[in-house]
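Engineer: Before anything else, here's the structure in question.
The values are calculated or read from the model by the stated rules, or taken from the named source; none is laboratory data. Remember, it's a predicted structure, so these values are computed and weren't measured experimentally. In this analysis, Cβ positions are derived from the backbone assuming ideal geometry, glycine residues included, and neighbour counts consider all displayed protein chains. Just so you know, the surface numbers come from the protein's heavy atoms only, side chains and all, with ligands and any DNA or RNA stripped out. Shrake-Rupley method; radii C 1.70, N 1.55, O 1.52, S 1.80 Å.
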Amino acid sequence: MSSQRATEEVVELVSQLIRFDTTNTGEPETTKGEAECAKWVAQQLEDVGYTTQYVESGREGRGNVFARLPGPPDSDRGALLIHAHLDVVPAEPSDWSVHPFSGAVKDGYIWGRGAVDMKDMAGMALALARQFKRDGTVPPRELVFAFLADEEAGGAWGSHWLVENRPDLFEGVTEAVGEVGGFSLTVDRPDGTQKRLYLVETAEKGLGWMRLVADAQAGHGSFLHSDNAVTEVAEAVARIGRHTFPLVMTDSVSQFLAEVSAETGLDFDPTSPDLETALFKLGNLARIIGATLRDTANPTMLKAGYKANVIPQKAEAVVDCRVLPGRQQAFEREIDELIGPNVTREWITHLDSYETRFDGHLVDAMNNAILAHDENGKTVPYMLSAGTDAKAFAKLGIRCFGFAPLQLPPDLDFAALFHGVDERVPVDAVLFGTKVFEHFLLHS
């Protein structure tokens, strides 16, 4: 087993992927689309002998690419899906120290929008797919490589469209690995040494973008008004924005806290009233972990009125809701109490939460792959406070994990790089991840 070919080209592949501006604004008229990038990926796969499928998911330019690498002919094991999205969130070049679509390689990093979300994993998957085909590798099970559109806007014109309209593309797939997992968290141990914990995503919160609407009698701004749509929505938004949902301990978070406690000797007792304060001992990752202890509802948009002296007939707001597994009904009850009787709500986007167990052959293969390249490493489960394309694939009964391995510098604020200015990924982390991912895929 040798990842030489893959590691020789993976940095350039990641850099090239970043150079494609695949900005997804969520609005059709301003979204760039993934077609050009997807067709380039297809060409890289076809150049080494793959037969690819290029599919546009319901709208022109929303390009997706699929390629399969067969396993043993007599295998009765289900296929493994390796998925990466090609779209990225917007970036304002004037805010960056390098152009966000330059794919610059400097100071030990690959720079650009998508470097960590998630063209680094796309590049690793592409490099290994090419290596396996050139080497005539027969993996222990069939591998399905998927490069997808529209994840950054919820996947309606990407993974969810594909699952609903082209389930044949996932025929035989039983398990999947995707983004936001496998990265390292360095913790201090009681004996003065350090341990690298590699966080495997086993759960993610539900994603819901909720619109609030208040209707009232329109009128002149100089008159007295007992009902005002702007006031009603503003008060509902304020109540939601100031509300703290109850702390709920899910299996994934409970296991994560137990593992970290065992390694560090720190007290992360799930029943402690000081748990959230204690989490800050984890440094920058505390923001991600803290957001998985309870539901969140953050107001993000307001819309009302058209003239300073006119009471508008309608006022609206949008709230970004992230809901823990098993909490959807209770969450909606709390929201209804907060908004009151004069405001209605509707889901603009509503995607379910997801959680699976941290056990089985695939989990063992992840840990063994980490240990093969980092004897001081260990995999632990965690919950993602955001969402991924796993939500779509779970509808097909596919068991999903986040595992895009990266060994990160202990002082790197990795969480801040997602959707952040000067997004970048360490070159060494990508080279490490390629080797680990190769070991994993060949023992999955």
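Engineer: Determine, yes or no, whether SER184 is buried (at least 24 other Cβ atoms within 10 Å of the Cβ), farther than 26 Å from MET210 by Cα and at pLDDT 95 or above. Break it down into steps so the answer makes sense when it comes.
Structural biologist: Details: buried (at least 24 other Cβ atoms within 10 Å of the Cβ): yes; farther than 26 Å from MET210 by Cα: yes; at pLDDT 95 or above: yes.
Spelling it out, SER184 is indeed buried (at least 24 other Cβ atoms within 10 Å of the Cβ), farther than 26 Å from MET210 by Cα and at pLDDT 95 or above.
Engineer: For residues in the stretch 421-436 being open to solvent by 10 Å² or more (accessible area, probe 1.4 Å) and out of contact with any Leu (no Cβ under 8 Å at 6 or more places or on another chain), which is farthest from GLY283 (Cα to Cα)?
Structural biologist: LYS435
Engineer: For the stretch 191-218, which residues satisfy the criterion of being of a type in the set (D, E, K, R) and either part of a loop (DSSP other than H, G, I, E, B) or modelled with pLDDT of 95 or more (or both)?
Structural biologist: ASP191, LYS195, ARG196, GLU201, GLU204, LYS205, ARG211, listed by residue number.
Engineer: While we're looking at this one, here's another question. Any idea which residue in the stretch 333-351 is nearest to the chain's Cα centre (by Cα), counting only those that are surrounded by fewer than 17 Cβ atoms within 10 Å (Cβ to Cβ) and part of a loop (DSSP other than H, G, I, E, B)?
Structural biologist: Only one residue tops the list, namely GLY340.
Engineer: In the stretch 369-391, is there at least one residue being under 21 Å from the mean Cα position of the chain (by Cα), assigned to a helix (DSSP H, G or I) and closer than 30 Å to PRO90 by Cβ?
Structural biologist: yes
Engineer: Taking LEU247, is it in a strand (DSSP E or B), open to solvent by 60 Å² or more (accessible area, probe 1.4 Å) and either farther than 27 Å from LYS391 by Cα or in contact with a Lys or Arg (Cβ under 8 Å, 6 or more places away or on another chain) (or both)?
Structural biologist: Answer is no for this residue.
Engineer: Kindly provide the set of residues from the stretch 75-118 that are at positive phi, in contact (Cβ under 8 Å) with a residue 60 or more places away in the chain and open to solvent by 10 Å² or more (accessible area, probe 1.4 Å), ordered by number.
Structural biologist: Hit for the stretch 75-118 is GLY108, nothing else.
Engineer: Sticking with this structure for a sec: Conditions: (1) out of contact with any strand residue (DSSP E or B) (no Cβ under 7 Å at 6 or more places or on another chain); (2) closer than 29 Å to TRP157 by Cβ; (3) crowded, with 20+ Cβ neighbours inside 10 Å. ALA369 meets all but one. Number of the miss?
Structural biologist: Every condition holds for ALA369 apart from (2).
Engineer: Say we look at the stretch 298-330 and pick out the residues that are hydrophobic (A, V, I, L, M, F, W, C) and surrounded by fewer than 20 Cβ atoms within 10 Å (Cβ to Cβ); which of these is modelled with the lowest pLDDT?
Structural biologist: VAL310
Engineer: Can you name the residue in the stretch 157-173 that is open to solvent by 60 Å² or more (accessible area, probe 1.4 Å) and not in a loop (DSSP other than H, G, I, E, B) and is also farthest from GLU27 (Cα to Cα) among such residues?
Structural biologist: Per the stated criteria, the residue is ASP168.
Engineer: Taking GLY265, is it over 36 Å from the mean Cα position of the chain (by Cα), surrounded by fewer than 19 Cβ atoms within 10 Å (Cβ to Cβ) and touching a residue at least 12 places away in the same chain (Cβ under 8 Å)?
Structural biologist: Numbers: over 36 Å from the mean Cα position of the chain (by Cα): no; surrounded by fewer than 19 Cβ atoms within 10 Å (Cβ to Cβ): yes; touching a residue at least 12 places away in the same chain (Cβ under 8 Å): yes.
The answer is no for GLY265.
Matching residues to (1) of a type in the set (Phe, Trp, Tyr); (2) at pLDDT 95 or above; (3) in contact with a helix residue (DSSP H, G or I) (Cβ under 9 Å, 6 or more places away or on another chain):
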| site | (1), (2), (3) |
| --- | --- |
| SER353 | no, yes, yes |
| ASP359 | no, yes, no |
| PHE393 | yes, yes, yes |
| LEU396 | no, yes, yes |
| GLY402 | no, yes, yes |
| LEU412 | no, no, yes |
| PHE440 | yes, yes, yes |
